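Note sheet for the following structure.
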Amino acid sequence: MTSLDRSALDARRPPEAQRPAGETSNKRRDEPGRSEAPRALLLIKSSEIRRWGPRWLRRAGFEAEIAGDVAEALDRVDTQEPAVVIVEAGLRDPARVWALEGIQRRIHGRGIPIMALCRGDREIQRALDAEVADVVRHPVDWRLLLHRIHVARRRVETRRHLAEAHRRLDRALDVVGQTHDLSYGTPDRDRLTELPGREAFLALADRALAAGGGGTAVLVVAIDRFDAVNEALGREGGDQVLASVGRAMRGVLSNRGWLPASSGGLATAALARLSGVHFGVVTTHAGGAEGASRVAHQLLSELCEPIEGGGQTVHLVGSAGAALHPNDGDTAEQLVRHAEAALVEARRLGGGILRFYCSSLNEGTTRKLAIDRMLRTALRKNQLEVHYQPLVEFHTGRIVGAEALVRWRHPDHGLIQPQEFIPVAEETGLMAEISNHTLDVATRQLREWRDQGFDDLGMAVNLSLCQFRQGDLVRRVRDAIVTNGLRPESLELEISERGVLSGDLEIIEVLRALKELGVRLSLDDFGTGDSSISYLKDFPVDSLKIDKSFVAGALDNNSDSAITSAMADIGRRLSLRIIAEGIETDHQLELLKGMGCHQFQGFLFSPAVASQEFRRLLSVSDPTHELGRTLPFPRRSR
Ligand code: C2E
Ligand code: MG
Ligand code: MG
């Protein structure tokens, strides 16, 4: 299981399997025995990267070459054809800026991506200004860099295919007589929608492939949760809705000239009903990924329009999957299969979106399902633990609460941090169960600590988007409060900008119902989303947690410091409690205290710890010390 493979944590170090002794990394093109592998040209100062980079690259199938200096790099870019150039930006050094820009000028239009390795935001900005293909931060995570190189090269490939597709299209237009009317006159026709059926669609798509070649795309568009429509309107009503959907889709394609309105026109797209609520579209003129995406989004937004059926008006949502020729398959059959796999993925991500097929989809889906299975076992076997990170009051230095954070104690892999499994659990929906488990354990624990005399202690619990989707969140929270005899205001529920609020659910009603229970709400990871300020206006929150990325940047980055201070200021004006996350140093502590934050959490005081350790911290939390003067923190190793 790759994501749990502990070696993932070693991606800044060399691959063990690639440690041949005395290997040299800068073979020239004309050296005997040179392989035909694609070349990666490195212009690097750091000895660490010069040493290990070539091994990682070789493992990924590249021939790595290190240029001794800028002049040599420019020379090699001219005389050789590297598949990728990796430059350590080092942008404080003017020669390096010049090198980056110079290389960029030389390779312009040749489809060679430049990857820049940067230290800090300014270097990233300079590299982006130089229009490099992508940037990666120091210290270099080689797995990430190799993945990005792969993506950048694929992008170049896709562009090549697009250009080729345009050329073919021009040729196809010349033989318009051969390609006319892909959509009509086929015997396999669906009676309900009067569209071609699956067999006819495959035949049409194969003909389109033969005529149009590269750039042809297959889309599968489906209506989400159609069983609810069938339940509400009955079978007959559902059929009427489907017939209306077929007409509406055909209207979208015809109105935009993407589908011929009569058999005399040039067929550039075909529409069919593949099965049940699945509709297929093949586009030949629309220009590969971009065109397919345009068509898909038009169809998806048409689906959102009110539709008549069974004497009623219904509101639908659709999802779509897309596969492109030739990257995703040679035949119509393959393309449809892959577009359907992409559709499954789109629905797994919550629906309402378009998802393109990528070759890693099957592999990725299998991996995710494996993690999902293991997590279900973990829940059953009680391998999920809840740890607690102290929330400390700036003013008194006292622990005033805890944030409950889940951990997975795996029998073979040890303690696994949430970022390694939460993203998968969010996708598969299991996160609802995991978060409900944390809520139950944390509220029970709070009861126990309160019984031990820590009467004022609060407990913060993170909510997941999946819990909102399940629809029983308010009942669960009420049960947790009542069962443990807690004062509702001692429980704070954290909603994350990145997690919960990034979904398209109407969650405001649920938040209001939670507020009515008397619990507190806090906006987690504040500042990382697109609409932080508007959430403050719309949502009934009591606290904001300034994301640790701002805290980390506040000391040495003027804009981060200004943003952090402004966020604290806005929060105070709205009478919210402001909590600074991720305080790691004394300086950060002073700075955030000075900005008027009320509470903080961070490794400076303590990471999240098991309940017994937290209990120990509670006993030593000394209310008489003033923070910043004597710093009474029980400093811990991480
Ligand atoms: P979060 O809610 O923003 O939690 C704070 C995260 O910051 C925790 O990471 C914590 O260990 C980390 N952190 C705290 N102080 C510092 C510091 O000084 N420096 C740095 N670098 N990091 C610090 P963790 O435990 O890995 O959790 C990550 C995220 O996973 C959480 O972010 C939360 O969104 C989610 N999560 C964790 N447990 C649960 C859960 O039971 N349910 C739900 N829904 N989400 C959870
Ligand atoms: Mg949190
Ligand atoms: Mg946070």
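The values are calculated or read from the model by the stated rules, or taken from the named source; none is laboratory data. Bear in mind the structure is a predicted one, so any value in this text is a computation, not a measurement. We place every Cβ from the backbone using ideal geometry, glycine too, and count neighbours over all the protein chains shown. Just the protein is used for accessible areas: all its heavy atoms, side chains included, with ligands, DNA and RNA removed. Shrake-Rupley method; radii C 1.70, N 1.55, O 1.52, S 1.80 Å.
Per-residue extension of 0.36 nm, minus the Cα-Cα distance of Gln612 and His297, leaves a gain of 108.1 nm for this segment. Segment His150..Lys537, full-extension length gain: 135.1 nm, with 0.36 nm per residue of separation and the alpha-carbon distance subtracted.
Taking a straight line from the alpha carbon of Lys515, these lysines sit under 16 Å away, with near neighbours fewer than eight places off in the same chain left out: Lys537. Asp69 exposes around 80 Å² of accessible area when a 1.4 Å probe is run over every protein chain in place. Heavy-atom accessible surface of the stretch 183-359, averaged per residue, reaches 41 Å², computed with a 1.4 Å probe. Distance from the alpha carbon centroid of the stretch 541-614 to that of the stretch 104-123 works out to 35 angstrom.
Beta bridges from DSSP with both residues in the stretch 383-619: antiparallel share about 40 percent, rounded to the nearest 5. Measuring r between the beta carbons of Thr331 and Asp188 and using R0 = 25 Å, the FRET efficiency lands at 0.90. Measuring between their Cα centroids, the stretch 333-357 and the stretch 396-424 lie 33 Å from each other. Note on Glu48 and Arg160: the extension gain reaches 36.8 nm, defined as 0.36 nm multiplied by sequence separation minus the Cα-Cα distance. Pairwise Cα distances in the stretch 383-619 exceed 22 Å in 52 percent of cases.
Averaged per residue, the stretch 383-619 has 41 square angstrom of accessible surface, using a 1.4 angstrom probe with ligands and nucleic acids left out.
Ligands, DNA and RNA aside, Arg148 has an accessible area near 70 Å² when probed at 1.4 Å. Using every pair of distinct Cα positions in the stretch 183-359, the Kirkwood expression returns a hydrodynamic radius of 15.9 angstrom.
Surface composition of the stretch 383-619: carbon plus sulfur atoms hold 48% of the accessible area, using a 1.4 angstrom probe and ignoring ligands, DNA and RNA.
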